[in-house]
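**Q** Let me begin by handing over the structure; questions about it come next.
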Amino acid sequence: MADWVWSNVVVALLLMGTGGVVFYARRSRMWTETFSDLWRRRRFAVLVIGFYVLVALLDSVAWVGGMDQGEDTVARYEAQSILDRLFAGSQERSYSAPFADVEFYGGAPLTHPGAHILGTDLIGRDVLYLSLKGARVALLIGGLTSLLAIPLALLFGISAGYFGGRIDDVVFFVMSTLASMPGLLLLIALIMVLGKSTVAVCFALAITGWVGFCRVVRGETFKLRELEYVSAARALGVSEFGIIVRHILPNLMHLVIITFVLMFSGLVLSEAILSWLGIGVDGSWGQMIDQARNELSRDPIVWWNIVSAGLALFGLILAVNFVGDALRDTLDPRTLRETE
Amino acid sequence: MTALLEVKGLTARFPGPGEGLPIVDGVDFHIDSGEVLALVGESGCGKSMTALSLMRLLPKPGRIASGRVRLGDEEVLSMSVNAMRRVRGHRMAMIFQEPMTSLNPVVRVGKQVMEAIRLHEDVSRSAARLRSLELFSEVGIPDPEARLDAYPHQLSGGLKQRVMIAMALSTRPELLIADEPTTALDVTIQAQIVRLLRDLQRDRGMSILLITHDLGVVNELSDRVAVMYAGRIVETGSRQDIFKRPRHPYTRGLLRSNPALAVPGERLPEIQGVVPSPVEWPQGCRFSTRCSEVFEPCRIDVPQTTNLGEGHRCDCHGVTSSTNSGDGA
Ligand SMILES: Nc1ncnc2c1ncn2[C@@H]1O[C@H](COP(=O)(O)OP(=O)(O)O)[C@@H](O)[C@H]1O
Ligand code: SF4
Ligand SMILES: [Mg+2]
């Protein structure tokens, strides 16, 4: 199947999944209270994140055709997302500043004078368009990596904490081994081995990122295992698997949510560092910043590229961190702070 | 009549010097069907560990070293893990001391009871809900319909304990093990729970192993009493035997220090000292470090069991079947 079909399928699944989660969370008082609290305290941050998500969705729903591409025959067979279609034809032949009528070098008139709110880049792409497109990449990096790292951490952390003994020894060994390697070097090595695709980068980030959460899960499971309701469940004849699924996992969910949110911003930043090293994901803000770096030395200075990408990145990270902090305050006043 | 539960020479050890510390050391007792046996003793005497051993739920690194536990016609200690899981909850159920933490905080209580029912019986969700409702009424939870949808933190301690009892009773166990069911509750609530347990036991004719250090509860509920000290049963007998004709110095000490029997204005005559930790257990009689009647052989030999007739037994060098020292202390 073509990439764009997958992208549409993922969007559909995500929307359905969100619907399902909302449906179930609504029945739980803890979650409804948490989210109404979040909405009250961090409305702006939630709305900002919502905007990024919306942009990413607009950039994810794509299909082929229906656009006049002029002479560009290749583009006619390429899928275009809604975002692409909104910005269709906003390409220039050269560099221009925000709101400019003429291009940066020769001063020749632009095709769309005054229409590039954030200017264009070296090869004439609209910077606003690129900045918006970065949202999808960022959410993909944060989301996919967490989707890989968190289940991994849960699996190993719960096994180690719940069963202890040999299993704990093995998990602990793996964790200490990973933790003893310099994270960035390991990351680079993994990307060298796995390749430079988005999925490979996410995979590498997941492998280097699950250890911290695994440690928290292990400790929490260890505590939960000793609680009386676990003994009570055992006394009722619930199997070990049943206890993990019914009693341990649900009581780790708040940690999962907080970790997801806090991990997310860290991952997006890590990708920016990787981009700077030239092994980032195509179309990310990190890559935009990296490319714009050289432009800073021009005279007069070309600042709009790097500032747009930087602000887009900064806005998302800040909003996510605000939300993460509020979530941590309401859901977990203790555990994660202790382990920091 | 054959007993419902028969425990013989049950020994549970935790890692320690030698073979390990015998936290439960050669415990013998039996419970007839429809009978309430109270297991009493100060905190740290091994009562909970005894109960958990019966369920084969001894916390790690403890292990059952020897002994036999027969329930009905099944040998509990040699059962397969899966068979044991069916026995738990189904034939033997247990309620714990801490109602506050005995329920999963993120699951509605009704759902927890329904899960307990559906664990052992193949019934539909709606049937299980109906049963939960009946159980809630049976254990005296007011407005049961609404309470089914409550989360644990919305219920008081007494109500939570009632939910725990409902859960334990959900599969009609033959034996209910109640480990300090009232200790964590307010005094007035304690009395209610005691009454509830008594009524339930009467209505259902089930056996109860009641673990407590509250002699008032023992007096109100039990048919027979086993007194435990430092991992051993030191005296067993009918409730009358224990309350009216206690023979073991430890039993007498417990009775004397019972607040219910105190003379107002006088200092409660407590047993001197504290329960020694298992590593400090003395040779011979383990009570010898605190006993007011201690004499020479006590510190050397473990006292043998003396049969005082009609199931009244006592392990003390100072007690023989002929002597009848000091009735009622
Ligand atoms: N992990 C352990 N290792 C060694 N001893 C233990 C362990 N857990 C409990 N014990 C001992 O078991 C005894 C507790 O017995 P328990 O059955 O809880 O007493 P209680 O009569 O108060 O219910 C204490 O003496 C304690 O020292
Ligand atoms: S055996 Fe000796 S020390 Fe132990 S209770 Fe009897 S009299 Fe006291
Ligand atoms: Mg106890």
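The values are calculated or read from the model by the stated rules, or taken from the named source; none is laboratory data. Model, not experiment: these values are computed from the prediction. FYI the Cβ positions are ideal-geometry reconstructions off the backbone, even for glycines, and counts take in every protein chain you see.
**Q** When you go through (1) in a helix (DSSP H, G or I); (2) within 21 Å of A:Met30 (Cα to Cα) one by one for B:Ser137, which number turns out not to apply?
**A** It fails just one condition, (2).
**Q** Which condition number does B:Arg202 fail, the rest of (1) surrounded by fewer than 23 Cβ atoms within 10 Å (Cβ to Cβ); (2) touching a residue at least 24 places away in the same chain (Cβ under 8 Å); (3) not hydroxyl-bearing (Ser, Thr, Tyr) being met?
**A** Failing condition for B:Arg202: (2).
**Q** Same structure, new question: Is it the case that B:Phe136 is hydrophobic (A, V, I, L, M, F, W, C), more than 20 Å from B:Ala3 (Cα to Cα), at the interface with chain A (Cβ under 10 Å from one of its Cβ atoms) and touching a helix residue (DSSP H, G or I) at 6+ places or on another chain (Cβ under 6 Å)?
**A** no
**Q** Now, a different point. When A:Ile257 is evaluated against the numbered criteria (1) within 10 Å of chain B (Cβ to nearest Cβ); (2) surrounded by fewer than 20 Cβ atoms within 10 Å (Cβ to Cβ); (3) not hydroxyl-bearing (Ser, Thr, Tyr), which criterion, by number, is the only one it fails?
**A** It is condition (1) that A:Ile257 fails.
**Q** Out of the residues in the range A:289-327 that are closer than 24 Å to A:Ala100 by Cβ and in contact with a Leu (Cβ under 6 Å, 6 or more places away or on another chain), state the one that is surrounded by the most Cβ atoms within 10 Å (Cβ to Cβ).
**A** Among them, the one singled out is A:Ser308.
**Q** With the condition kept exactly as written, say whether any residue in the range B:214-237 is of a type outside the set (Lys, Arg), within 14 Å of another protein chain (Cβ to nearest Cβ), within 16 Å of ligand 3 (Cβ to nearest atom) and in contact with a Lys or Arg (Cβ under 7 Å, 6 or more places away or on another chain).
**A** Within the range B:214-237, none of the residues are of a type outside the set (Lys, Arg), within 14 Å of another protein chain (Cβ to nearest Cβ), within 16 Å of ligand 3 (Cβ to nearest atom) and in contact with a Lys or Arg (Cβ under 7 Å, 6 or more places away or on another chain).
**Q** Sticking with this structure for a sec: Provide a single number: the residues in the range B:90-99 that are outside any loop (DSSP other than H, G, I, E, B) and within 14 Å of ligand 3 (Cβ to nearest atom).
**A** Residues flagged as outside any loop (DSSP other than H, G, I, E, B) and within 14 Å of ligand 3 (Cβ to nearest atom) within the range B:90-99 amount to 2.
Results for (1) at the interface with another protein chain (Cβ under 10 Å from one of its Cβ atoms); (2) among the aromatic types (Phe, Trp, Tyr); (3) in contact with an Asp or Glu (Cβ under 7 Å, 6 or more places away or on another chain), shown as yes or no for each residue.
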{"residue": "A:Ile207", "(1), (2), (3)": "no, no, no"}
{"residue": "A:Lys223", "(1), (2), (3)": "no, no, no"}
{"residue": "A:Glu226", "(1), (2), (3)": "yes, no, no"}
{"residue": "A:Tyr229", "(1), (2), (3)": "yes, yes, no"}
{"residue": "A:Leu236", "(1), (2), (3)": "yes, no, no"}
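**Q** Any idea which of (1) within 19 Å of the chain's Cα centre (by Cα); (2) over 23 Å from B:Ile193 (Cβ atoms); (3) of a type in the set (D, E, K, R); (4) within 16 Å of ligand 1 (Cβ to nearest atom) is the one B:Lys8 doesn't satisfy?
**A** Answer for B:Lys8: the failing condition is (4).
**Q** Further question on the same structure: So which residues in the range B:83-99 are surrounded by fewer than 18 Cβ atoms within 10 Å (Cβ to Cβ) and more than 7 Å from every other protein chain (Cβ to nearest Cβ), if there are any at all?
**A** If the condition is that a residue be surrounded by fewer than 18 Cβ atoms within 10 Å (Cβ to Cβ) and more than 7 Å from every other protein chain (Cβ to nearest Cβ), then B:Ala83 is the only one that fits.
**Q** Would you pick out the residues in the range B:49-82 that are part of a helix (DSSP H, G or I) and either more than 13 Å from ligand 1 (Cβ to nearest atom) or more than 13 Å from every other protein chain (Cβ to nearest Cβ) (or both)?
**A** B:Thr50, B:Val76, B:Leu77, B:Ser78, B:Val81, B:Asn82
**Q** Does A:Ser81 count as outside the structural domain of A:Glu295 (by TED's automatic domain parsing), surrounded by 15 or more Cβ atoms within 10 Å (Cβ to Cβ) and in contact with a Ser or Thr (Cβ under 6 Å, 6 or more places away or on another chain)?
**A** no
**Q** Looking only at the range B:133-146, count how many residues are buried (at least 21 other Cβ atoms within 10 Å of the Cβ) and either among the β-branched types (Val, Ile, Thr) or in contact with a Lys or Arg (Cβ under 9 Å, 6 or more places away or on another chain) (or both).
**A** Residues meeting the conditions: 3.
**Q** Taking the stated definitions as given, is B:Glu180 more than 16 Å from ligand 3 (Cβ to nearest atom), within 12 Å of chain A (Cβ to nearest Cβ) and either in contact with a helix residue (DSSP H, G or I) (Cβ under 9 Å, 6 or more places away or on another chain) or at pLDDT 90 or above (or both)?
**A** No; evaluated as a whole, the condition is false for this residue.
**Q** Within the bounds of the range B:118-127, is there any residue that is closer than 23 Å to B:Leu210 by Cβ and either modelled with pLDDT of 90 or more or outside any strand (DSSP E or B) (or both)?
**A** no
**Q** Further question on the same structure: Looking for whichever is more than 10 Å from ligand 2 (Cβ to nearest atom) and crowded, with 16+ Cβ neighbours inside 10 Å here; the options are B:Pro269, B:Pro246. Which one fits?
**A** B:Pro246
**Q** Still on this model: What are the residue pairs meeting all of these: first residue in the range B:279-305, first residue farther than 17 Å from B:Thr320 by Cα, second residue within 16 Å of ligand 3 (Cβ to nearest atom) and among the hydrophobic types (A, V, I, L, M, F, W, C), Cβ atoms under 6 Å, and 6 or more apart or on different chains?
**A** Note: pairs meeting the criteria are B:Trp281/B:Ala230; B:Arg286/B:Ala230.
**Q** Suppose we keep only residues that are within 12 Å of ligand 3 (Cβ to nearest atom) and polar (S, T, N, Q) within the range B:43-82. Which one would you say is surrounded by the fewest Cβ atoms within 10 Å (Cβ to Cβ)?
**A** B:Ser43
**Q** What number of residues within the range B:209-252 are among the hydrophobic types (A, V, I, L, M, F, W, C) and closer than 24 Å to B:Leu71 by Cβ?
**A** 10
**Q** Residue check: is B:Ser102 part of a loop (DSSP other than H, G, I, E, B) and either in contact (Cβ under 8 Å) with a residue 12 or more places away in the chain or within 11 Å of chain A (Cβ to nearest Cβ) (or both)?
**A** So B:Ser102 passes the test.
**Q** In addition: When B:Arg91 is evaluated against the numbered criteria (1) touching a helix residue (DSSP H, G or I) at 6+ places or on another chain (Cβ under 8 Å); (2) closer than 18 Å to B:Leu57 by Cβ, which criterion, by number, is the only one it fails?
**A** Failed condition: (1).
Per-residue answers, yes or no, for (1) closer than 30 Å to A:Asn294 by Cβ; (2) surrounded by 18 or more Cβ atoms within 10 Å (Cβ to Cβ):
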| site | (1), (2) |
| --- | --- |
| A:Val102 | yes, no |
| A:Gly106 | yes, no |
| A:Thr111 | yes, no |
| A:Leu132 | yes, yes |
| A:Leu139 | yes, yes |
| A:Ala149 | no, yes |
| A:Gly157 | no, yes |
